[in-house]
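Trainee: Would you mind keeping the following structure in view while I ask a few things?
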Amino acid sequence: MNNQLNIPTNQAHAFQFEVKERSDKLMDYFLISYFLVGLAFAGFYGTWLIAFGVGGLSLLAYYSVKIALPDSSLYQYVLSTVLGVFMAQFIYQMHGQFEMHFFAFIGSALLITYQKWKLQIPMMIVVVIHHASLGYLQDIGFSKVYFTQLDYFNLQAFITHIFLSAVIFFICGLWAYQLKKYNEKQILQALQMAELQKEAQLSIERKLNEEALENSNQQLRKSNAELEKAREDADQANKAKSIFLATMSHEIRTPMNGVIGMSALLGETALTEEQRMFTETITTCGETLINVINDILDFSKIESGNLELESEDFDLRQCIEDVLDIFGTKATHIGLDLVYQIADNVPLQIVGDNLRLRQVLINLVGNSMKFTERGEVCIFVNLQKTRSDGTLQLRFDVRDTGIGIPEDKLNRLFIAFSQVDSSTTRKYGGTGLGLAISEKLVRLMGGEISVKSQPDQGSTFSFTVCTNAGVKVIEPYIYYNMDDQAGKKILVVDDNATNRDILRRQFEYWKLQPVMASSGEEALAILSNNGTVDLVITDMQMPGMDGMMLAALIREQYAHIPIILLSSIGEEFKSDQRGPFASIMTKPIKQHILSKQILNALQPHTSPPEEPVIRKKLSTDFCEKFPLSILIAEDNLMNQHVIMHILHKMGYEPELVKNGKEAVEAANNKDYDMILMDMRMPVMDGVEATQVIRQTVVKQPVIIALTANAMADDEEACLKAGMDDYIAKPVKLEELMSKFEKWYTTVRLV
């Protein structure tokens, strides 16, 4: 029984079903044979009624139960009973011949095929009842019972007969039981053998897999070794490229420092108009070349993954206005309108990299201006999405009215060194890096960039950035309170629809009442119908009637209405020309300046806040305000002239040495407040000289690196060596002055 429990259920059912099917077929043959034997015996003794009656009823009982209950084993017990009844039938038909008793034993042996010892019980019961009842009846005098041909049948013979029958039934039952156990054992062994074969097959497959895995590992190790070598080669190539870029940057920036520096000094002298034009051209070309170098370096840093973005609070409006300021003069010369609009739901103080956002906007605005001869270039900023974590997705659109881009050329815009017109005779120059760098910077800022354009209808470059609203306290952007002017009516005269729309939105935000006019004639018609206008803001350049003409006509009829002129042509207005206007503003218009001028015009008796005096770039007053003793360590003769002249113009009397060794000696012989240290010098470079000074000099000076290198690790190398700050060549006057202002307090505390 325990072994049976170990056989899976499906296997046990299959085995039992097979035994049952085989035994049922065998019983069909034997039952027919039993019935035919009964007919044969009826031929000798004339017992046809018994043969047909008892034999037929026995077959009917068996097959009826088998058909009626196909899923039950009850028919097998009926079969056992039927075999016992056939034995009794044959004894009766043969008038008690003893040999007929053996049919019970034959039936018992047949039941072994079912492998159920319990099937012996029904036949045994039939035999006991048959022998007891018929033997007793014959013994008391019934003559036609035909139990036995003997004249007597005593109790001892009956018991002996029953005992022998029980032994036979027991042996047959035991045989059936053992046969079942043997078959179950065979099944278990077969299953175990199958499992062993399966395990053997799995072992073989496992071994094959291990061999295949070992081969794969060998191939992988080989591939990894090749990849490692390729990575090392790539690192070496990147390192070589970085060294090459640093060297070339240094070699180009060093002479460019002289070109730009000397042209800046030349611009501070008295020049004729022609000489000033030549000077400005030299400066512009030098700055253009520096921008090209910066683009190449930026592209290299982005490609190598060395560019990291800052994350600081900054004023978005200030950032955009600074960008437009860069292009203001150029837009004035070619007659373009530069405008911008920031949606009301966009926070003006955001977190991000101000410098890189400006770089993207400068690239896009500069690109738009390059391909726009008339019309406008506009920047629009909108809040596109606010995520659950508070992150903002801002959308910037830079739209122009330029020549547009053919659809089949759009896919080339963001490919490095590629341009829409790549022919050697193309009209528009450039390296083709600006848009490629912008696309990569936008991706670093968590956004995407796209473009829509139609030939002769302009282009719109759009990009998104992910940011957060700023929370730090930074230098405030100047705002003027317009609440007291709420409800006043402002007449806006401009032929440019975009300018009118932006001004209308801004005035509505300030709770003013804008009235829009697209021409001088329309403005005069509005004034004639509605004389309650508090202020007129008019553009200078308009077809038919320009701003000067309109202002003159308004002054004749409505002398009490103040007028503000918006000019994009950059011309100088004489005193008599300024007379009709409360103020003249140059486009692009800064919001805080516009609000200030409107307040001044609407409140003519209120003294406006004083503008901070703009300091002249080069003035000896600077030295008086920030007195410093300065040492310059520079080996390049041209750079010596540039930095010495700049400092002389600022009122300083610096001392000069030609290499790091001389700088160390000078610093030990005299206390200097500040040392401007070149990085690359003969005998001893700036890094080594700084390290020696930090170890030997008692009164430590502020050391600022001067270098033409512009790679990502240059500033880190300077600071690691012990330098306090870093200025890249070409030296910009504003940057040099800001460094002096920054470190003056530190110098005074030492």
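The values are calculated or read from the model by the stated rules, or taken from the named source; none is laboratory data. Not measured: the values here are computed from a predicted model. Ideal geometry is used to build each Cβ from the backbone, glycine not excepted, and the neighbour counts take in all protein chains shown. Accessible surface is based on the protein model in full, side chains and every heavy atom, while ligands, DNA and RNA are left aside. Shrake-Rupley method; radii C 1.70, N 1.55, O 1.52, S 1.80 Å.
Trainee: Take the cross-link list Lys658/Lys699; Lys229/Lys661; Lys590/Lys732 and give me the ones stretching past 32 Å between alpha-carbons.
Mentor: Checking Cα-Cα distances, Lys229/Lys661 exceed 32 Å.
Trainee: Give the long-range amide H neighbours of Leu656: residues separated by 5 or more places, or on another chain, with amide H under 5 Å away, using H modelled in the peptide plane at 1.01 Å from N.
Mentor: Placed amide hydrogens put Ile632 under 5 Å from Leu656.
Trainee: Hey, can you rank 721-731, 106-116 by average C-beta count inside 10 Å, highest first?
Mentor: Working: 721-731: 20.0, 106-116: 21.6.
Per-residue mean Cβ counts within 10 Å order the peptides as 106-116, 721-731.
Trainee: Another question, then. Mind ranking 57-69, 624-636 by how tightly packed they are, going by the mean number of other C-beta atoms within 10 angstrom, highest first?
Mentor: Going from most to least packed, we get 624-636, 57-69.
Trainee: Any chance you could look up the accessible area of Lys385 with a 1.4 Å probe, heavy atoms only, rounded to 10 Å²?
Mentor: 100
Trainee: Another question, if that's okay. What is the spin-label model distance, in nm, from Lys699 to Asp456 if the labels are put 7 Å beyond Cα along the C-beta direction?
Mentor: Each label point is offset 7 Å from its Cα along the Cβ direction, giving 7.4 nm.
Trainee: Once you place label points 7 Å from the Cα toward the Cβ at Asn668 and Asn529, how far apart are they in nm?
Mentor: 8.8
Trainee: Work out from phi, with θ = phi - 60° and the Karplus expression 6.51 cos²θ - 1.76 cosθ + 1.60, the ³J(HN,Hα) of each residue of the stretch 537-547, listed in order in whole Hz, and give x for Gly and Pro.
Mentor: Running phi through 6.51 cos²θ - 1.76 cosθ + 1.60 with θ = phi - 60° gives 10, 10, 7, 7, 8, 9, x, x, 9, 7, x Hz.
Trainee: Hey, another quick one. Peptides 443-453, 156-166: what's the order by average Cβ count within 10 Å, highest mean first?
Mentor: 443-453, 156-166
Trainee: Using a basic spin-label model with each label point 7 Å from the Cα along Cα→Cβ, how many nm lie between Asp313 and Leu271?
Mentor: Output for this residue pair reads 4.2 nm.
Trainee: Separate question: Counting only protein heavy atoms, what percent of the accessible surface of the stretch 13-70 is carbon or sulfur at a 1.4 Å probe?
Mentor: Accessible surface attributable to carbon and sulfur in the stretch 13-70 totals 76 percent.
Trainee: Where nothing but the Cβ of Lys and Arg (+1) and of Asp and Glu (-1) is charged, how large is the charge dipole of the stretch 646-745 around its Cα centre, in debye to the nearest 20? Please list the in-between numbers first.
Mentor: Numbers: 12 positive and 18 negative charges, 31 e Å.
Roughly 140 debye, rounded to the nearest 20.
Trainee: Work out the FRET efficiency for Gln218 and Lys720 from their Cβ-Cβ distance, taking R0 = 56 Å, and round it to the nearest 0.05. It would help to have the intermediate numbers written out before the result.
Mentor: Values: r = 44 Å, r/R0 = 0.78.
Once the sixth-power term is evaluated, E becomes 0.80.
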